[in-house]
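Here the structure comes first, spelled out in structure tokens, and everything after it is commentary.
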Amino acid sequence: MPAVATQGLEHQAERAKSRQGFLLGLPAIVYLLVFFVIPLGIVIAYSFATRTRSGRTELNDWNVEAYRRLGEDVVRAVAFRSLWIAVLTTVVCLVLAYPLAYFISTRSPAVRNMMLVGVMIPFWSNFLIRTYAWRVLLDSDGLFTQMVSAVGLGDGRILFTSNAVILGLVYGYLPFMVLPLYASIERIDWSLVEGARDLYASGWMAFRRVVWPLSRPGVIAGSILVFVPSFGAFVTPAILGGNKKGLMGSYIVDQFLDARNGPLGASLSVVVLGVMLVGTLIYFRQGGRTL
Amino acid sequence: MGKGVARSTAEPMGYSRWLLRAHSLLVFVFFYAPIVVLVVYSFNKSAVVGKWTGFSLSWYGDFLANDNIQRSIWISVKVCVASTVISVVLGTLAALSIERFRWWGQKAFDAVLYLPIIIPDVTMAVMMLVFFGETAELFNVIPGVDLTDGLEKLVLSHVAFNISFVSVVVRARLAGLDASMEEAAADLYASRWQVFRRVTLPQIMPGVLGGALLAVTLSLDDVVVSSFVSGVGATPVSVYVFGMLRKGVSPLINAVSVVILVASMALVVASLVLERATSSQKGK
């Protein structure tokens with residue numbers, strides 16, 4: 001009998017504790033419900049809604065017209081262009097970041113910390129301004145343009161092209177690649193490399209068979225952290241791409257502000273969100289919590 | 001010791017060693033050269049950005065004389081402070097609730113809490129635009145609330161994405177802490193509030209400050225969400241500058257940019273120094 005009584009008391013105490021936990025979280029729960037979940041619900045509802053002739057979105061006559069329009073050539077072209085630019089950005093970032101992350105990992109702790117701070121400072125500095133810095137460099141009489149033409153590599157005028165957008169995105173998101181790569185390379189047990197070398201593996205072999213496979217979680221994490229924001233980028237194309245060639249981010253914005261096609265803009269937003277969700281799931285599957 | 005020896009074998013030999021060094025140096029040049037050029041050209045006398053004609057502070061004078069920019073900076077500061085305070089409180093509570101307790105529906109809350117982090121700016125902006133478009137009238141019915149101005153909408157939407165970032169940073173800190181200190185305090189008859197105030201809070205403080213810094217940075221950095229929700233009367237400086245620089249390059253924008261850049265860098269450096277100071281204190 002007494003055993004049952006203590007069990008009941010324990011159960012009660014546990015329930016009181018769990019209620020306390022819920023109450024602590026309650027303000028954030030309510031806030032996110034009102035200012036995040038409901039807005040998301042409205043956007044999803046919009047994607048099934050009807051656009052009137054005047055460009056208003058009316059929440060009735062539910063249909064999948066907006067999703068059908070995603071198959072149109074114009075929309076597909078925008079999606080593929082964004083995809084291509086995001087893939088190229090990711091690859092360039094990986095190629096630039098991997099050797100740097102590797103180099104940082106092989107330094108002494110003091111030098112390592114200093115170099116990491118060197119990577120972090122641009123990462124934390126204002127993104128808009130850092131993008132604008134390239135606008136200045138790429139201007140027709142900017143330093144970059146002058147240097148390229150002086151060296152003789154063409155006229156160096158890449159402003160308002162996809163190349164300028166990729167350059168800007170690489171510049172903006174490179175720290176996102178360096179940091180997870182560093183985190184995974186730094187963790188590698190170097191005695192494994194030593195072992196491979198002792199067994200007559202060449203330096204390149206040891207890298208390909210030991211270091212590269214062990215750093216794969218970092219490669220995947222960094223790639224997703226770069227790919228995801230590049231795909232939906234809005235600021236960089238607007239400043240360096242001149243918005244002449246539509247990318248996903250600016251195309252969605254246009255649907256709401258200029259074309260006044262709420263349902264199409266909403267369905268595109270849902271698609272972009274889907275891409276992000278898939279990317280994030282892969283990220284967590286790889287055990288990535290490096291940032 | 002052994003690790004140090006092995007580490008040196010990880011560094012490639014011969015040419016590739018120097019290639020690796022040169023590459024790393026070049027990436028750092030890539031990181032900082034654009035910033036240096038921007039700063040240098042903000043002191044250029046010429047109105048043409050690319051041509052250096054001499055040193056001048058006149059563009060900073062123009063910046064100080066420009067009322068619109070001054071006003072937008074104040075709006076940014078107000079929005080930033082208000083949204084940071086609210087999201088630090090809500091985000092820290094959420095972090096405690098998830099890391100220190102078990103309750104029904106917690107998993108779902110955890111998942112929703114991650115969404116604002118991974119959601120693209122553009123989707124978030126669309127959500128806020130559509131949401132306030134549909135519900136502003138409902139909110140305005142509440143006495144004392146007026147969303148037409150735009151300032152409140154800016155704060156509300158910045159909090160919506162910042163709660164999650166704060167809670168992630170605080171949770172990372174909480175996860176590394178041993179709950180036994182809190183339990184010991186409770187065993188010694190400390191009240192719940194005393195446990196939080198005297199034991200938990202001092203221990204998670206670096207996480208809370210880190211979360212606050214992230215919230216400040218994200219609030220000041222945000223262009224897309226802000227430009228969707230800000231009204232005519234409440235343009236934050238990021239949106240104002242974005243509008244200016246879409247029109248083209250000018251030395252005035254360079255000067256404004258340098259001010260913003262220096263402010264944001266000072267913030268990071270200050271936080272790094274602070275972090276070092278608190279961690280070395282702990283070491284003693």
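The values are calculated or read from the model by the stated rules, or taken from the named source; none is laboratory data. Owing to the predicted nature of the structure, the values given are computational and were not obtained by experimental measurement. All Cβ positions, glycine included, derive from the backbone under ideal geometry; neighbour counts span all protein chains shown. Protein only, heavy atoms only, side chains kept; ligands, DNA and RNA dropped before computing areas. Shrake-Rupley method; radii C 1.70, N 1.55, O 1.52, S 1.80 Å.
A few notes on this one:
- In segment A:1-61, the alpha-carbon atoms span a convex hull of 99 Å³ per residue.
- Neighbourhood charge, 15 Å Cβ-Cβ cut-off, centred on residue B:115 and excluding it, Lys, Arg +1 and Asp, Glu -1: -1
- For segment B:207-274, the fraction of alpha-carbon pairs in successive 5 Å shells from zero, as %: 3, 15, 22, 21, 19, 12, 7, 2, 0
- Extended-chain gain in nm, criterion 0.36 nm per residue less alpha-carbon gap, residue A:69 and residue A:30: 10.5 nm
- Net dipole in debye of chain B [+1 Lys, Arg Cβ; -1 Asp, Glu Cβ; about Cα centre; nearest 20]: 1060
- Helix runs (DSSP H) in chain B reaching 20 Å along axis by Cα, Kyte-Doolittle at least 0.5: B:15-41, B:67-100, B:121-141, B:151-175, B:201-221, B:251-283
- Cα-based equivalent ellipsoid of segment A:75-285: semi-axis lengths in Å, sorted from largest, via gyration tensor: 35, 23, 15
- Kirkwood-type hydrodynamic radius, chain B: 22.6 Å, calculated from all non-identical alpha-carbon pairs.
- Chain A, helix-only ellipticity at 222 nm - DSSP H runs n ≥ 4, -39,500 (n - 2.57), divided by all residues, nearest 500: -23500 deg cm²/dmol
- Listed values for segment A:63-72 are Karplus-derived 3J(HN,Hα) couplings in whole Hz (6.51 cos²θ - 1.76 cosθ + 1.60, θ = phi - 60°), namely 7, 10, 3, 4, 6, 5, 5, 4, x, 5, and x replaces Gly and Pro.
- Nearest-10 value in Å² for the accessible area of residue A:76, using the 1.4 Å probe: 120
- Summarising the label geometry, the points placed 7 Å from Cα in the beta-carbon direction at residue B:30 and residue A:208 lie 2.4 nm from one another.
- Between residue B:85 and residue B:66, the contour length at 0.36 nm per residue exceeds the Cα-Cα span by 3.9 nm.
- Solvent-accessible surface (1.4 angstrom probe) belonging to residue B:110, in square angstrom, nearest 10: 40
- A straight line joining the Cα centroids of segment B:21-44 and segment A:168-217 runs 27 Å.
- Inter-label distance, nm, simple model (7 Å from Cα along the C-beta direction), residue A:147/residue A:111: 2.5
- Taking 0.36 nm per residue of sequence separation and removing the Cα-Cα distance, the residue B:188/residue B:205 pair yields an extension gain of 3.8 nm.
- Total lysine pairs whose alpha carbons fall under 18 Å of each other in the protein assembly as shown (8 or more apart, or interchain): 4
- Taking the Cα centre of the protein assembly as shown as reference, the dipole from Cβ charges on Lys and Arg (+1) and Asp and Glu (-1) amounts to some 1100 debye.
- Options B:229, B:63, B:115, ranked by Cα towards positive dipole end of segment B:59-283, top entry (Cβ charges): B:115
- Debye-formula intensities of segment B:79-232, expressed as log10 I(q)/I(0) at q = 0.13 Å⁻¹, are -0.67 (one equal scatterer per alpha-carbon, no solvent).
- For the protein assembly as shown, the fraction of alpha-carbon pairs in successive 10 Å shells from zero, as %: 3, 15, 24, 26, 19, 9, 3, 1, 0, 0
- Over chain B, dividing the summed -39,500 (n - 2.57) contributions of all DSSP H runs of at least 4 residues by the number of residues returns a 222 nm mean residue ellipticity of -26000 deg cm²/dmol.
- The heavy atoms of residue A:102 offer some 20 square angstrom of accessible surface to a 1.4 angstrom probe.
- Here the relative contact order of chain A, from alpha carbon pairs under 8 Å that lie six or more residues apart, stands at 26 percent.
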